[in-house]
Each structure stands twice: as C-alpha cells, then as structure tokens.
C-alpha cells in the first residue's frame, strides 16, 4: 500500500480541542461524529483509523455508550493526545498493522475525514477490506468538494487551501457524491447508510468576500441539494443491502438571502 503523502503537513496546533467541542458534537445531530456515535451500537468493537486527537473516542465516552474502541494515527503529536482514550492505540499507518486489524475482527472500522488524505483511496480501501471480516462495516465521513461555496470560488478562479475544512492543505483527493458511489461500486460494497450534512453556502471557511456572485448561477445552485451538502457519511458493507438515505441540517433560505443582500457589490479582483 502507498503511504500518506507528506507533500503538505498539518500544524500540530490544529489537533488541539477543548471539551466544549465534545459537548457541541453531542448536542448537534447534524455533525458526522454525532451520527457515527449514534449508528454504532453499544458493545461493538470499533477501529478508528486516522484517530487524530482522539475526538471520536471522547465523544463515545461522553455519550455514555460503551464500545471497545482502538485507534491508529500517524501524527506523533496527535497520537500523544489520543492514546489515553483508546483501549489499544497504534502510532503509524493502517498498513503497518495488518495482523492486528485482521485478528481483532472489528464490527466497525471508522475513517472520519481520512480517505481524502490518501494518494490511492481505492487501493487502500481494497486492502482494508481484505483485512476485515464479512460483517465488518466501514464508516466513512468525506467532505463534499461540490459544496456551493467551493463552486462559487472556482467560478471566480479561486481554490485556496486552508489549515482546516474542505480545502485543507493535506487533502490529496476530492470527492463528490457521484465519485463516492463510483468508488463504492468498484469495491463491490453496498452503501447501507448515506447521510448528507448540509450547511449554509455563505457560512463556511471558504472565503467568498472578494468573489463576485453571478445571480443566475446562484439561483440555479441554491435549488441543488448537493450544493448545500458540506459532508457525507457512508456506511459500507460486503452484504447486499438497500441504501437508507437521510439529510441533516435545513436550508435556511431567509438567512441565506439576508447574508447575500449584505454583501457589498464590487468588481471581482483578479
């Protein structure tokens, strides 16, 4: 398996998180970690690949749901933060621990905002599938590069990387719902659950302050459910099952319009 590219590095400070974030996740159903915590049953065995600072394990514990959760994380700084919150913890890459993964027989393997960092997500997931059992569920959370704010910025010729968010500078691959479905099909997996997490197009880390918005393009875009979708969560299985789809978050058109009307009308900068 090909290792994660280190073309860009993530600042250690972005792994720091306070307890207030955990409380916010538990209150908000429209967050991926809240949904992941909700869909995994009590008593399950879980592997958190790309565990970061251990947020998922901390959310499980704060929710009161008892699961046996192990973690894998390549960043030494993040691993130091995460290790106390897991049953077993491995610093490195998943491909460094094939025997441990295979022998554990996990019920769920979670990759929360992971595959977009990989040079070969398809190959990685194929190898991971070979390490896991027939009933293991793979749970992916993946940012949507077709989110409306990214579309608007691209129409103005802008694609600016940031330290956190859809265009985090360590992202090597970008996904839409169509490309995720194509990848799932090529893996021979069924999508058991598909969750769409929506967000206001004008309220994200994508800087639209200097972007001149074409009203006709915007009018078409706001009717597209996927333009409001910031992130996806998929539960994949080797079994043949139908897909349950749910959308979290509402399209607050009134707030969107107020924000739009407050924007200054200016020429687009080059």
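The values are calculated or read from the model by the stated rules, or taken from the named source; none is laboratory data. These numbers come from a predicted model, not from an experiment. Don't worry about glycine lacking a Cβ; one is built from the backbone with ideal geometry, like all the others, and counts go over all protein chains shown.
Going by the structure shown, is residue 209 outside any helix (DSSP H, G or I), out of contact with any helix residue (DSSP H, G or I) (no Cβ under 7 Å at 6 or more places or on another chain) and free of Cβ contacts under 8 Å to residues at least 24 places away in the same chain? In short, yes. When region 114-136 is filtered for residues that are touching a helix residue (DSSP H, G or I) at 6+ places or on another chain (Cβ under 7 Å) and surrounded by fewer than 20 Cβ atoms within 10 Å (Cβ to Cβ), the ones remaining, listed by number, are 122, 126, 127, 129. Of everything in region 183-206 that is in contact with a helix residue (DSSP H, G or I) (Cβ under 8 Å, 6 or more places away or on another chain) and in a loop (DSSP other than H, G, I, E, B), the residue that is surrounded by the most Cβ atoms within 10 Å (Cβ to Cβ) is 201. When you check residue 111 against the structure, is it touching a strand residue (DSSP E or B) at 6+ places or on another chain (Cβ under 8 Å), surrounded by fewer than 21 Cβ atoms within 10 Å (Cβ to Cβ), within 21 Å of residue 143 (Cβ to Cβ) and at pLDDT 95 or above, yes or no? No, not satisfied. Residues that are touching a helix residue (DSSP H, G or I) at 6+ places or on another chain (Cβ under 6 Å) and surrounded by 15 or more Cβ atoms within 10 Å (Cβ to Cβ) within region 83-108 comprise 85, 86, 89, 91, 101, listed in sequence order. Scanning region 212-226 for residues that are farther than 25 Å from residue 178 by Cβ and part of a loop (DSSP other than H, G, I, E, B) turns up just one, 212.
Among the residues of region 167-182, those that are crowded, with 18+ Cβ neighbours inside 10 Å, within 30 Å of residue 238 (Cα to Cα) and out of contact with any helix residue (DSSP H, G or I) (no Cβ under 6 Å at 6 or more places or on another chain) comprise 175, 180.
The rows are residues; the columns are (1) under 25 Å from residue 104 (Cβ atoms); (2) at pLDDT below 90; (3) in contact with a helix residue (DSSP H, G or I) (Cβ under 7 Å, 6 or more places away or on another chain); (4) part of a helix (DSSP H, G or I).
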| position | (1), (2), (3), (4) |
| --- | --- |
| 6 | no, yes, no, no |
| 22 | no, no, yes, yes |
| 33 | yes, no, yes, yes |
| 77 | no, no, yes, yes |
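Of all the criteria given as (1) farther than 24 Å from residue 237 by Cα; (2) in a helix (DSSP H, G or I); (3) modelled with pLDDT of 95 or more, the one not satisfied by residue 13 is (3). The residue that is nearest to residue 53 (Cα to Cα), among those in region 79-118 that are touching a residue at least 40 places away in the same chain (Cβ under 8 Å) and assigned to a strand (DSSP E or B), is 112.
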